[in-house]
Amino acid sequence: QVQLVESGGGLVQPGGSLRLSCAASGIIFSIYTMRWYRQAPGKERELVAIISGNGSPDYTDSVKGRFTISRDNAKNTVYLQMNSLKPEDTAVYYCNTNYRGRPTWGQGTQVTVSS
């Protein structure tokens, strides 16, 4: 059974940093593209960052230069380093992969950016 478990969310002041982690189990992690999504209250879920199995990253425009996605295939874990956080980054952040063609999600971790 595939499981994705996020951690690392919390409350941070504007300009601060957080690092999210997503631990995967039940898959050959290294061959899967991994994604971070977020969903703010009243808004649709949006793709934030994506990383291929060989480590090639891409980002939505609003986080470029501030967020970094990375992966450690030995630990079956993907990370999202978030710097220079803004109040508009407040959302529940979800880890995602497509397993056998079906989207698989973690439970999400809340990130709140507020003074």
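Are there chymotrypsin sites (Phe, Trp or Tyr not before Pro) in the range 56-86 that DSSP marks as loop and that have at most 10 other Cβ atoms within 10 Å, and which are they?
Details: sites: Tyr59, Phe67, Tyr79; in loops: none.
Of the chymotrypsin sites (Phe, Trp or Tyr not before Pro), not one in the loops of the range 56-86 has a Cβ with at most 10 other Cβ atoms within 10 Å.
Under a Cβ-Cβ cut-off of 11 Å, what is the net charge of the residues other than Tyr32 that fall near it, where Lys and Arg count +1 and Asp and Glu count -1?
On the way: positive: Arg35, Arg71, Arg100; negative: none.
Once all neighbours under 11 Å are counted, the net charge is +3.
Of all accessible surface on the chain at a 1.4 Å probe, what whole percent is carbon and sulfur?
Values: 2790 of 6110 Å².
Looking at the chain in its full context, I get 46 percent from C and S.
Exactly which trypsin sites (Lys or Arg not before Pro) in the range 1-79 are in a DSSP loop and have at most 11 other Cβ atoms within 10 Å?
Values: sites: Arg19, Arg35, Arg38, Lys43, Arg45, Lys64, Arg66, Arg71, Lys75; in loops: Lys43, Arg45, Lys64, Arg66, Lys75.
Sites meeting the loop and neighbour criteria: Lys43, Lys64.
How far apart, in nm, are two points set 7 Å out from the Cα along the Cα-to-Cβ line at Ser17 and at Ala40?
Output for this residue pair reads 2.3 nm.
For the chain, with only Lys/Arg (+1) and Asp/Glu (-1) charged at the beta-carbon, what is the dipole magnitude about the Cα centre, in debye rounded to 20?
Numbers: 12 positive and 8 negative charges, 35 e Å.
Rounded to the nearest 20 debye, it is 160 debye.
Going by the alpha-carbon gyration tensor, a ≥ b ≥ c the square roots of its eigenvalues, is the range 42-102 rounded (a/c under 1.5) or, if a/c is not under 1.5, prolate (a/b greater than b/c) versus oblate? Intermediate results must be reported in sequence, preceding the final value.
Numbers: a/c = 2.00, a/b = 1.36, b/c = 1.47.
Here the range 42-102 falls in the oblate category.
Among the aspartates and glutamates, select those whose C-alpha is under 12 Å from the C-alpha of Lys75, and discard any that sit fewer than 8 residues away in the same chain.
none
Between Trp105 and Thr60, 0.36 nm times their residue separation minus their Cα-Cα distance comes to what? Don't skip to the answer; put the middle values down first.
Details: separation 45, 0.36 × 45 = 16.20 nm, distance 1.90 nm.
Answer, rounded to one decimal: 14.3 nm.
Where does the charge balance sit around Tyr79 when Lys and Arg score +1, Asp and Glu -1, over other residues with C-beta under 13 Å from its C-beta?
Numbers: positive: Arg19, Arg35, Arg71, Lys75; negative: Glu6, Asp72.
Local net charge: +2.
Let me make sure I get this right: for the range 20-72, a, b and c are the square roots of the gyration tensor eigenvalues over alpha carbons, sorted descending. Under 1.5 in a/c it's rounded, otherwise prolate if a/b > b/c, else oblate. Which is it? Spell out each step's value before the answer.
Working: a/c = 2.39, a/b = 1.48, b/c = 1.62.
Verdict is oblate for the range 20-72.
Suppose all protein chains stay in the model; what accessible area per residue would a 1.4 Å probe give for the chain, in Å²? Present the calculation step by step, with values, prior to reporting the outcome.
Numbers: 6110 Å² over 115 residues.
I get 53 Å² per residue for the chain.
If you take every residue apart from Val2 with its C-beta less than 13 Å away from the C-beta of Val2, what net charge results, scoring Lys and Arg +1 and Asp and Glu -1? Write out the running numbers ahead of the final one.
Details: positive: Arg100, Arg102; negative: none.
Summing Lys/Arg as +1 and Asp/Glu as -1 gives +2.
Residue farthest toward the positive end of the dipole of the chain, with Cβ of Lys/Arg at +1 and Asp/Glu at -1: which of Leu11, Trp36, Val111?
Trp36
Normalised by the residues of the chain, what does the relative contact order come to in percent, with Cα pairs under 8 Å and at least six apart?
On the way: 279 pairs, mean separation 41.7, N = 115.
Averaging sequence separation for qualifying contacts and normalising by length gives 36 percent for the chain.
Give me the extension gain from Lys86 to Ser70: residue separation times 0.36 nm, minus the current Cα-Cα distance, reported in nm with one decimal.
Contour length minus the Cα-Cα distance gives 3.7 nm.
The values are calculated or read from the model by the stated rules, or taken from the named source; none is laboratory data. No experiment lies behind these values; they were computed from the predicted model shown. Note that we place each Cβ from the backbone using ideal geometry, even for glycine, and neighbour counts take in every protein chain shown. These accessible areas exclude ligands, DNA and RNA; they are computed on the full protein's heavy atoms, side chains included. Shrake-Rupley method; radii C 1.70, N 1.55, O 1.52, S 1.80 Å.
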